[in-house]
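Trainee: Shown below is the structure under consideration.
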Protein chains: 2
Amino acid sequence: MNGAESLIRTLVAGEVETCFTNPGTSEIHIVAALDKIPEMRCVLGLFEGVVTGAADGYARMSEKPACTLLHLGPGLANGLANLHNASRAQVPIVNIVGQHATFHLGYDTPLVSDIEGIARPYSKWVRTSSAASEIGNDGVDAIVAARMAPGQIATLIVPADVAWSEGGTVVPLPDLPAPAMPATATIEGAATMLRSGMRTALLISGNALYGKGLATAGRLANATGAKLFAPYPITRLERGSGIAPVERIQYVREMGVEQLKEFRQLILVGASAPRAYFASPGKDSAFTSSECKVYTLAAPGEDYVGTLEALEAALSLHQAPLAGEKAGRPQLPAGEITLPGLAAAVGALLPENAIVVDESMTSGRGMMAATKGAPPHDWLGNTGGSIGIALPLAVGAAVASPDRRVLCLTADGSGMYTPQALWTMAREGLKITTVVFANHDYAVLKREFSYLGIGDPGRRALNMFEIGRPELDWVHLSKGMGVPAVRVTSLEGFSKALREGFESEGPSLIEVPL
Amino acid sequence: MNGAESLIRTLVAGEVETCFTNPGTSEIHIVAALDKIPEMRCVLGLFEGVVTGAADGYARMSEKPACTLLHLGPGLANGLANLHNASRAQVPIVNIVGQHATFHLGYDTPLVSDIEGIARPYSKWVRTSSAASEIGNDGVDAIVAARMAPGQIATLIVPADVAWSEGGTVVPLPDLPAPAMPATATIEGAATMLRSGMRTALLISGNALYGKGLATAGRLANATGAKLFAPYPITRLERGSGIAPVERIQYVREMGVEQLKEFRQLILVGASAPRAYFASPGKDSAFTSSECKVYTLAAPGEDYVGTLEALEAALSLHQAPLAGEKAGRPQLPAGEITLPGLAAAVGALLPENAIVVDESMTSGRGMMAATKGAPPHDWLGNTGGSIGIALPLAVGAAVASPDRRVLCLTADGSGMYTPQALWTMAREGLKITTVVFANHDYAVLKREFSYLGIGDPGRRALNMFEIGRPELDWVHLSKGMGVPAVRVTSLEGFSKALREGFESEGPSLIEVPL
């Protein structure tokens, strides 16, 4: 068995069963191995930002890593921005990056580059495999590194001669280490805070925001009067009718300060104290007031679910009921397109068990309020602030969850970083309904210009914020990549297109001019 | 004057007068500076791979750097793959990358990343500016580093508080150091080789491939009987009627070996001895035979033009005539679309002084032969093997050369890495005619699969090479980004569309189904 085959068989044995890829010549022997190992599903992207963003979406929904297969330094480089987002999402990903044959590197041919250097800024684990006999071990080490709680990016670089040489072995995945628990005193400290009667908030993240973790947090909050918050950058948040209500911290600092001002205690579970995304001259970036005690109950990578259960036990709250969100949808709106109307339509029509991928930027502000009483669903956000994640993330979420509907909310500015994802949606027949809010602006930047106190932007600055010359035509773009698309001009039209999208057997796209 | 303004004024004073950009919030103060400094032309790209590829194309044609303005780590990361190509092209580029305010970095907010680490693999010079009072000096140092012969990538990282603080000064550009000359003995050595009567080739690169350098090389070749070659990865090659003929080294090793087998001496001017792009099991990668003496006349970064002139003087050839390529165009072809027919149409119609950007991959093989007797033109290729360069490169070349026509030859696979460049072409009204060869394949990979001796690819491997499911519709894609487009079904149709493109006041696109 050659190195390539032993690597792929090791990955499959280690429950890495999906490969998002854009391969090249130096990865051909790995492609040949994939050719004969049908247990690994291969999903092609036409650009590597699609590949890495999809691996992120897959990991968020499946709680295990996919692998990517990327072509040398440039292929990895093209995937870096969405690896930035994935590193902030703290999800597991195993990158496989091809490298020239070891004896070829010294010739400094055109595609030679420092792949380890390119990998390092966003990978917690980087290794170049040294021999076919070692690559099985390398593959297992990569999986273990990726699955280190809460989830990390591991990058394994595979020289072509390591891939094509004989002597590979399939290595079984060892038991994964359980995430650490906080000290008992730390849990007791949080229990004391919750018993104090002071106004207390829990800011929770990772797997505390869905499933057993969120249910536990919800019971705790209900019994103690504490309020649950999620960070602004949401990896995955379960919400909707019957689910514990969680409020998302706002992006705009003044709004976040308002959200948190009543609280005198903030307990962190895997999160850090909220700060402004960007600094402003002369402004503090903290969201919490100086009177608020910030307490780390579980540090990143500790066992969030176990910690919440231990806290529940410390408070003797095992039988506490959960006060889930009340069911309720907005009425179907009518008339001219408005942002509240669009949000109401989504709230009225969102299918049960949907996955909402949200990079709607300034246009989607009302979406979470309008959907809070909709049937249970998951909400995935942009975790790292590198725009261009929504379409790829939707691909990965849909591949991981073939029985669920995906609603992808994006904008014309953000969508144009990775539009190639539409092609993969069409190719794989993914049940994704994409909504593009076309405001012809980098609207965030216009707002930040004023927010930073510079005054009004002039003509040349506006030229860097306004992207409506020429106007992007998303119906044409989408059809060009095989995804049926429609432009709507009324809320009725939007609702009709949304309903048809949710009933379709494949992807669709709705352009909403604003 | 704040740091941002002093930086932009320093760049303009240092002849950096074009800024390709996709800015974000952390660069807002730099945008505000650009707002009031009209001497810097700003060109917006919707994706950073367009921005960096355009800076490369600009540098190839203008022989001086443009700057880029990029948003934090992810913005730089999105531009890396075309910086890989630019680093191999050895062109000057000054990257300006925003950074959080220094006092904000410690909070590890979502967009924090190791920007220097991301920059380093492709930048020969990296610095983070420390104060508004220093950034003028930093800007000048960046320009000097970028213009270090033959041309380098310099990356200056600008924290937001450095940009917004007062105390900036405009620093004038010092005299640039002249590139070094080889030792006299080295030049004498080459002269001796050329006098020997042995079959000799000169492999030349950089600015020896156009203008005075190429004319000198052409006279030398004509007088001594040596043959001129260019590396397969062409940064810029002047060619056509009356220009010294230069043969490009082939991509396929066996063909390159055939090209070079008659030569017993190979003299290198800024180039390295040709090697196969990729290693193959059990195959040598060298193109030259063991009997061929390989001699470095000018090392990368030395004065190629001065070296050729010194060699001419050493051989007393100042009055030697130049035997330029004979004028001659193919006849306009007719009938069904074939690759030779497409090449003939380009050869028949290419306007004088055109710039051809060539990433036509497997579909464009006959293009150089068919255009060798066309009116003088420049040929720009993919220098680093990271595909997705053609459309951005065409943008930059057109911005640098507003009086020249640009013909951009790309393919459906390569074009999809950076299609967003079409939007910038439309926005700037650039005179670029893009031809997309749509073979619905990563055809190179199919060939390499067989070439590497693995046999025939199976269904799953083919799925990673064939991109025709769904078919990309480039007419839709192009119109979606504001560029008029047509699909042609005959050679007559292709010639008509090509002629109309060359006469148009703005960009156009021709999809050629293969």
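The values are calculated or read from the model by the stated rules, or taken from the named source; none is laboratory data. Since we're looking at a predicted model, the values are computed, not measured. Because the Cβ atoms are built from the backbone with ideal geometry, glycine has one as well, and the counts that use them run over all protein chains shown. For the accessible areas, the whole protein counts, side chains as well, though only heavy atoms, and no ligand, DNA or RNA atoms are used. Shrake-Rupley method; radii C 1.70, N 1.55, O 1.52, S 1.80 Å.
Trainee: Sequence gap at least 6, Cα distance under 8 Å: using those rules, report the relative contact order of the stretch B:436-489 to the nearest whole percent.
Mentor: Rounded, it is 33 percent for the stretch B:436-489.
Trainee: Let me ask something else about it. Rounded, prolate or oblate for the stretch A:462-514? Axes are the square roots of the Cα gyration tensor eigenvalues, ordered a ≥ b ≥ c, and the cut-off for rounded is a/c under 1.5.
Mentor: Oblate.
Trainee: Moving on to the next point. Please report, in whole Å, how far the alpha carbons of the stretch A:202-284 spread along each principal axis, starting with the longest.
Mentor: 42, 26, 22 Å, listed from the longest principal axis down.
Trainee: To continue, here is another question. For A:Leu69, which sequence-distant residues (separation of 5 or more, or a different chain) have an amide H within less than 5 Å of its own amide H, given hydrogens modelled in the peptide plane?
Mentor: Residues meeting the criterion, in which the H sits 1.01 Å from N, are A:Phe20, A:Thr21, A:Asn22, A:Ile96.
Trainee: Output, in nm with one decimal and in ascending order, the distances from the B:Pro172 label point to the matching label points of the other copies (7 Å from Cα along Cα-to-Cβ).
Mentor: Shortest to longest, the spacings are 7.6 nm.
Trainee: Highest mean first, what order results for A:154-162, A:455-463 on Cβ atoms within 10 Å? Intermediate values should be presented prior to the final figure.
Mentor: Values: A:154-162: 25.3, A:455-463: 15.0.
In decreasing order of mean packing, A:154-162, A:455-463 become A:154-162, A:455-463.
Trainee: Shielding by partners for A:115-122, please: the mean number of other protein chain Cβ atoms within 10 Å of each residue's Cβ. Spell out each step's value before the answer.
Mentor: On the way: counts 1, 1, 6, 9, 2, 5, 11, 7.
For peptide A:115-122, the averaged partner shielding equals 5.
Trainee: Taking 2.2 N^0.38 Å as the expected size of a compact globular protein, what ratio does the Cα radius of gyration of the stretch A:40-85 give against it, to two decimals?
Mentor: With N residues counted in the stretch A:40-85, Rg over 2.2 N^0.38 Å equals 1.07.
Trainee: Considering only DSSP beta bridges whose two residues both sit in the protein assembly as shown, what percent are antiparallel, to the nearest 5?
Mentor: 10 percent
Trainee: Here is a follow-up. Could the peptides B:139-151, B:77-89 be put in order, highest first, of the mean number of other beta-carbon atoms found within 10 Å of their residues?
Mentor: Ranked by mean Cβ neighbours within 10 Å, highest first: B:77-89, B:139-151.
Trainee: Looking only at other chains, what is the average number of their beta-carbon atoms within 10 angstrom of each beta-carbon in B:467-476?
Mentor: Partner-chain Cβ atoms within 10 Å, mean over residues of B:467-476: 5.
Trainee: In Å and whole numbers, how far do the C-alpha atoms of the stretch B:1-153 stretch along each principal axis, longest first?
Mentor: Principal extents (Cα only, largest first): 42, 31, 27 Å.
Trainee: Given N residues in the stretch B:392-514, what is its alpha carbon radius of gyration divided by 2.2 N^0.38 Å?
Mentor: Normalised Cα radius of gyration, the stretch B:392-514: 1.18.
Trainee: B:Asp284 label points, 7 Å along Cα→Cβ, one per copy: pairwise distances from this copy to the rest in nm, shortest first?
Mentor: Computed spacing set for this position: 7.3 nm.
Trainee: Accessible area per residue of chain B at 1.4 Å probe, in Å²?
Mentor: Heavy-atom accessible area per residue stands at 32 Å².
Trainee: Related question: Taking all pairs of distinct Cα atoms, average 1/r, flip it, and tell me the Kirkwood hydrodynamic radius of the stretch B:345-463 in Å to one decimal place.
Mentor: Working: mean 1/r = 0.0653 Å⁻¹.
When all Cα pairs of the stretch B:345-463 are included, the Kirkwood radius is 15.3 Å.
Trainee: Please report the spacing between the Cα centers of the stretch A:374-394 and the stretch B:51-127 in Å, no decimals.
Mentor: 27 Å
Trainee: Would you work out the charge dipole size for the protein assembly as shown about its Cα centre, treating the Cβ of every Lys and Arg as +1 and the Cβ of every Asp and Glu as -1, and quote it to the nearest 20 debye?
Mentor: Details: 82 positive and 100 negative charges, 109 e Å.
Dipole magnitude for the protein assembly as shown comes out near 520 debye.
Trainee: What's the magnitude of the charge dipole for the stretch B:118-179 around its Cα centre, counting Lys and Arg as +1 and Asp and Glu as -1 at the beta-carbon? Answer in Debye, nearest 20.
Mentor: 340 debye
Trainee: Just want the answer: with Cβ charges of +1 for Lys and Arg and -1 for Asp and Glu, which residue in B:Thr410, B:Ala398, B:Ala438 is farthest toward the dipole's positive end in the stretch B:385-443?
Mentor: Highest projection toward the positive end goes to B:Ala398.
Trainee: Give me the Kirkwood hydrodynamic radius of the stretch A:138-240, using the inverse of the mean 1/r over all pairs of distinct Cα atoms, in Å to one decimal.
Mentor: 17.4 Å
Trainee: Let me cross-check A:Met416: its accessible surface, 1.4 Å probe, with only protein heavy atoms counted, in Å² to the nearest 10?
Mentor: In the full protein context, A:Met416 sits at about 0 Å².
Trainee: In terms of Cα to Cα distance under 27 Å, which lysines are near enough to A:Lys124, apart from those fewer than 8 places away along the same chain?
Mentor: Candidates past the 8-residue exclusion: A:Lys64, B:Lys124.
Trainee: Looking for one value pair here: nearest-to-axis residue in chain A (by Cβ) for the rotation onto B, and the distance in whole angstrom.
Mentor: Here the value is A:His476, 2.
Trainee: Which net charge results for the neighbourhood of B:Leu349, defined as the other residues with beta-carbon distances under 14 angstrom from its beta-carbon, given Lys and Arg at +1 and Asp and Glu at -1?
Mentor: With Lys, Arg at +1 and Asp, Glu at -1, the net is 0.
Trainee: Taking all protein chains as present, what is the carbon and sulfur share of the accessible area of the stretch B:360-510, in % to the nearest whole number, probe 1.4 Å?
Mentor: Exposed carbon and sulfur together represent 52 percent of the surface.
Trainee: If Lys and Arg each add +1 and Asp and Glu each add -1, what is the summed charge of the other residues whose beta carbon sits under 14 Å from the beta carbon of B:Gly49?
Mentor: Overall, the nearby charge balance is -4.
Trainee: When averaged across all projection directions, what area in nm² does the alpha-carbon convex hull of chain B cover?
Mentor: Value for chain B: 25.1 nm².
Trainee: Run down the lysines and flag those whose C-alpha is under 20 Å from the C-alpha of B:Lys431, throwing out any fewer than 8 positions away in its chain.
Mentor: Result set, ordered by chain and number: B:Lys479, B:Lys496.
Trainee: I would also like to ask the following. Please report how far the C-alpha centroid of the stretch B:154-192 lies from that of the stretch A:474-488, rounded to the nearest whole angstrom.
Mentor: Taking the Cα centre of the stretch A:474-488 as reference, the centre of the stretch B:154-192 is 48 Å away.
Trainee: At a Förster distance of 35 Å, what's the computed FRET efficiency of A:Ser133 paired with B:Lys293, Cβ-Cβ distance as r, to 0.05?
Mentor: With a Förster radius of 35 Å, E is 0.30.
Trainee: Suppose the chain between A:Met255 and A:Asn353 were pulled fully straight at 0.36 nm per residue; how much longer would it get relative to their current alpha carbon spacing?
Mentor: 32.3 nm
Trainee: As an exercise, take the mean of 1/r over every pair of distinct alpha carbons in the protein assembly as shown, invert it, and state the Kirkwood radius in angstroms.
Mentor: 29.7 Å
Trainee: Checking the cross-link filter: which lysines have an alpha carbon closer than 21 Å to that of B:Lys372, excluding same-chain neighbours under 8 positions apart?
Mentor: B:Lys212, B:Lys227, B:Lys326
Trainee: Which order do A:Thr288, B:Thr169 take by accessible area at a 1.4 Å probe, largest first?
Mentor: B:Thr169, A:Thr288
Trainee: I've got another one for you. I'd like the accessible area for B:Leu452, computed on protein heavy atoms only with a 1.4 Å probe and all protein chains in place. Round to 10 Å², please.
Mentor: That residue has around 20 Å² of solvent-accessible surface.
Trainee: Rg to Rh for the stretch B:1-83: what is it, with Cα atoms only and Rh by Kirkwood?
Mentor: My calculation puts Rg/Rh at 0.95.
Trainee: Still on this structure: Extending each Cα 7 Å along its Cβ direction at A:Arg447 and B:Thr169, get the distance between those two points in nm, one decimal.
Mentor: Going from the A:Arg447 label point to the B:Thr169 one covers 4.1 nm.
Trainee: Just to confirm the numbers: B:Gly301, label point 7 angstrom along the Cα-Cβ line, distances to the other copies in nm, shortest first?
Mentor: The projected label point of B:Gly301 is separated from its counterparts by 4.0 nm.
Trainee: Taking the Cα centre of chain B as the origin, how large is its charge dipole in debye, to the nearest 20, when only Lys and Arg (+1) and Asp and Glu (-1) carry charge on their Cβ atoms?
Mentor: Details: 41 positive and 50 negative charges, 309 e Å.
Its charge dipole is roughly 1480 debye.
Trainee: Quick one: work out Rg over Rh on the C-alpha atoms of the stretch B:238-339, Rh as Kirkwood radius.
Mentor: Looking at the stretch B:238-339, the ratio lands at 1.06.
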